[in-house]
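The values are calculated or read from the model by the stated rules, or taken from the named source; none is laboratory data. Everything numeric in this text was worked out from a predicted model, so none of it was measured. FYI the Cβ positions are ideal-geometry reconstructions off the backbone, even for glycines, and counts take in every protein chain you see.
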Amino acid sequence: MAASGRKAVYLDYAATTPVDPRVAQKMSACLLVEGNFGNPASRSHVYGWEAEEAVETARAQVARVLNADPREIVWTSGATESDNLAIKGVADGAEQRHIVTSSIEHKAVLDTCEYLEGKGFEVTYLRPGSDGIIQPGQVGAAIRDDTLIVSIMHANNEIGVINDVAAIAAICHEAGVLMHTDAAQTFGKVPLDVQDIPVDMISMSAHKIYGPKGIGALYVRREPPVKLAPLIHGGGHERGMRSGTLATHQIVGMGEAAEVMVRELNRERERILALRQRLWSHLKQIPGSTINGHETCRLPGLLNVGFSGVDGETLLIALDDIAVSSGSACTSASVEPSYVLSELGLDEALAHASLRFTVGRFTSADEVDYAAQRVAEVVGRLRHSS
């Protein structure tokens, strides 16, 4: 809550999204004794059958976003677990000991790769250009005879820049190397058809698409099959890839959220893109403001903007009625400048003075205008006082 008593304008949809009321309604029907609360693995009575049916319906809904076979969807607790399962799962027992990724991946990928380096794997970290894009040619040049897997995110969670995963996957496929992409920021927002794009594994998360926290999925291609060792043992659920009692209400929530995204994709994308462009049209009029990353090849709703001549921490604190971030929510405790912006070549001062703005389903044009006005006022005041 802002100091004035007005609730802060929420422009941090890349960190998390509120649950859509339609999703919450579906979830609530799976919680109480009158509802569909059963254990999906209990196949000896009607409560288990109904829960299993709900889980499989949701699996099909998530698969539909990717044009995938529902049997290729494995439930997880979120994209972080999916990233870990994808990379560690194929590394377990593999003869190849080389991994290719980028230096600006989500920490769920970078920390997993660092862990495997401690197990004797060699990791090549590709550095993006100043626009934040990993070029397919970089990936091709990095692949070796002993390369096991390439993991390049679909869109960066801090700057919103979209990589050409179709071209990267084609290079990997030609070389006989597995390809994984973290699509937490793009799932349901940017089309990704696995029938046309030979990606082997895709990480997804419900709370980025107006679903609940604590549930996600990993797409695992069936043909050709991916050999994936589980991280969690105990019961052999999810075809042996991820044991544990399935949370019916969360899974149903992710399924419904995915269904809404498919149904409203084009209309919502146009509206959110228009809001992003409206926001940037305001912010770019602030002297010394620059957009970080490629200006057009990016997520519809995300902007990362640097404001020269101001202290980033002071700026963020002063914007107490605007909910924005200075980087990934997963690294918000760090006082260091964003490692993503540093890899783009920004100096430390500008990296510190950059903010991520993300508009979403419940953002209004009035909120965008108000936020831009407040940023302009605060930046002007801070520059004057310094």
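Structure values in brief
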| quantity | calculated |
| --- | --- |
| Selection within segment 276-290 - in contact with an Asp or Glu (Cβ under 9 Å, 6 or more places away or on another chain) and either closer than 16 Å to Ala14 by Cα or crowded, with 19+ Cβ neighbours inside 10 Å (or both) | Leu279 |
| Qualifying residue in segment 291-308 (condition: modelled with pLDDT of 95 or more, of a type in the set (D, E, K, R), surrounded by 15 or more Cβ atoms within 10 Å (Cβ to Cβ) and under 19 Å from the mean Cα position of the chain (by Cα)) | yes |
| Pairs, first closer than 16 Å to Pro225 by Cβ in segment 235-248, second surrounded by 14 or more Cβ atoms within 10 Å (Cβ to Cβ) and aliphatic (A, V, I, L, M), C-beta under 6 Å, six or more apart | Glu238/Val74; Met241/Val74; Met241/Leu228 |
| Residue check for Ile159: in the same structural domain as Ile87 (by TED's automatic domain parsing) and in a loop (DSSP other than H, G, I, E, B) | yes |
| Qualifying positions in segment 117-152 - crowded, with 21+ Cβ neighbours inside 10 Å, under 30 Å from Val324 (Cβ atoms) and touching a helix residue (DSSP H, G or I) at 6+ places or on another chain (Cβ under 7 Å) | Pro128, Ser151, Ile152 |
| Any pair with Cβ under 9 angstrom, 6 or more apart, that starts in segment 254-277 at a residue that is within 12 Å of Gly360 (Cβ to Cβ) and ends at one that is of a type in the set (Lys, Arg) and surrounded by fewer than 18 Cβ atoms within 10 Å (Cβ to Cβ) | Glu268/Arg361; Arg271/Arg361; Ile272/Arg361 |
| Subset of segment 60-71 [in a helix (DSSP H, G or I) and surrounded by fewer than 22 Cβ atoms within 10 Å (Cβ to Cβ)] | Ala60, Ala63, Arg64, Pro70, Arg71 |
| Pair list, Cβ under 8 Å, 6 or more apart: segment 91-120 residue free of Cβ contacts under 8 Å to residues at least 40 places away in the same chain, other residue of a type in the set (Gly, Ala, Ser) and crowded, with 19+ Cβ neighbours inside 10 Å | Cys113/Ser151; Leu116/Ala91; Lys119/Ala91 |
| Filter pass, Val74 being at pLDDT 95 or above and within 30 Å of Val199 (Cα to Cα) | yes |
| Selection within segment 209-238 - crowded, with 23+ Cβ neighbours inside 10 Å and either in contact with a Ser or Thr (Cβ under 6 Å, 6 or more places away or on another chain) or of a type in the set (Gly, Ala, Ser) (or both) | Tyr210, Gly211, Gly216, Ala217, Leu218 |
| The listed residue being buried (at least 17 other Cβ atoms within 10 Å of the Cβ), at pLDDT 95 or above and more than 30 Å from Leu265 (Cα to Cα), out of Glu367, Glu343 | Glu343 |
| For Met241: the one exception among (1) within 22 Å of the chain's Cα centre (by Cα); (2) closer than 25 Å to Gln61 by Cα; (3) modelled with pLDDT of 95 or more; (4) buried (at least 17 other Cβ atoms within 10 Å of the Cβ) | (3) |
| Residue within segment 3-17 that is at pLDDT 95 or above and in a helix (DSSP H, G or I) present | no |
| Candidate set from segment 98-138 (those that are of a type in the set (Val, Ile, Thr) and in contact with a strand residue (DSSP E or B) (Cβ under 7 Å, 6 or more places away or on another chain)); member that is farthest from Gly345 (Cα to Cα) | Ile99 |
| Hey, Asp146 closer than 25 Å to Pro224 by Cβ, in contact with a His (Cβ under 7 Å, 6 or more places away or on another chain) and either assigned by TED's automatic domain parsing to the domain that holds Lys189 or polar (S, T, N, Q) (or both) or not | yes |
| Some residue of segment 163-175 being crowded, with 24+ Cβ neighbours inside 10 Å, touching a residue at least 24 places away in the same chain (Cβ under 8 Å) and among the charged types (D, E, K, R) | no |
